[in-house]
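Worksheet: one structure, shown below.
The values are calculated or read from the model by the stated rules, or taken from the named source; none is laboratory data. As the structure is a computational prediction, the values presented were derived from the model and not from experiment. Cβ: placed from backbone, ideal geometry, glycine included. Neighbour counts: every protein chain shown. Ligands, DNA and RNA are stripped out before the accessible areas are found, and what is left, the full protein with its side chains, is counted by its heavy atoms. Shrake-Rupley method; radii C 1.70, N 1.55, O 1.52, S 1.80 Å.
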Amino acid sequence: MRWQIAFTDDFDEQQYTLIYNSLSATRKAHIDRMKCDQDRKNSLLASWLVDKLLNECGIKNATLENDSNGRPFLKENNLFISISHSEKAVVCAISETPVGIDIEKQKPVKSSLIDYVCTNEEKAYINEDVALLQRRFFEIWTAKEAYFKKNGGGLKNMLSVNILPINRQIYTVEDYIITIL
């Protein structure tokens, strides 16, 4: 399994144009439908990260596409892929087995959101140390998002899984929490 992170502010418009021009017609159409400039940049950066990871694996000419649910896949390959973005950061993971990755920028958290997405055990973990409440919440949140990206499901199922006993990799880059399953 390999993963990478990149920040949209690290690229200029010329670099985004080069990335865009290298994409398939389907991928360009997907990006062209986006109304927000930041979403377009995040999507272009995701494509660039996928290409970078594939090149590191010695794979050429794999095309990043989106299925009918908007989930990314590699058209000519059997590799699993997961992509996430938060504000100006984009992460991508590629693996020979199913993989889920999620990134979130840490920010203040309302208790109602904790109640909405966390099991009682997860709430106890989050509230165990008030100084770490925000970080621990985003560890749980990103782990659940990565879990559902890897296994299917969605936000409506957040309470259906206790993420604490599940093996995961957690990273902090600047103010972002990244979890990989």
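Is one or more of the residues making up segment 144-163 open to solvent by 40 Å² or more (accessible area, probe 1.4 Å), of a type in the set (Gly, Ala, Ser) and either in a helix (DSSP H, G or I) or touching a residue at least 60 places away in the same chain (Cβ under 8 Å) (or both)?
Yes: one or more hits.
Can you name every residue in segment 11-25 that is part of a helix (DSSP H, G or I) and either surrounded by fewer than 10 Cβ atoms within 10 Å (Cβ to Cβ) or among the β-branched types (Val, Ile, Thr) (or both)?
Kept after step one, since they are part of a helix (DSSP H, G or I), are these residues of segment 11-25: 13-21, 25.
Passing the criteria: Glu13, Gln14, Thr17, Ile19, Asn21, Ala25.
Among the residues of segment 82-110 satisfying the criterion of being hydrophobic (A, V, I, L, M, F, W, C) and out of contact with any Lys or Arg (no Cβ under 9 Å at 6 or more places or on another chain), which is surrounded by the fewest Cβ atoms within 10 Å (Cβ to Cβ)? Before the answer, list the steps.
The first filter runs over segment 82-110 and keeps only residues hydrophobic (A, V, I, L, M, F, W, C), leaving 83, 89-94, 99, 101, 103, 109.
Restricting the remaining residues to those that are out of contact with any Lys or Arg (no Cβ under 9 Å at 6 or more places or on another chain) gives 91, 103, 109.
Working: Val91: 26, Ile103: 25, Val109: 16.
Ranking the qualifying residues of segment 82-110, first place goes to Val109.
If you go through segment 103-117 one residue at a time, how many are assigned to a helix (DSSP H, G or I) and charged (D, E, K, R)? Spell out the reasoning first.
If we filter segment 103-117 for residues that are assigned to a helix (DSSP H, G or I), which is where we start, we get 111-117.
Right, trim to charged (D, E, K, R) and you get 115.
Of the residues in that region, 1 qualify.
Out of the residues in segment 43-65 that are open to solvent by less than 40 Å² (accessible area, probe 1.4 Å), in contact with a Lys or Arg (Cβ under 8 Å, 6 or more places away or on another chain) and over 16 Å from Asn21 (Cβ atoms), which is modelled with the lowest pLDDT?
Across segment 43-65, the extreme among qualifying residues is Glu65.
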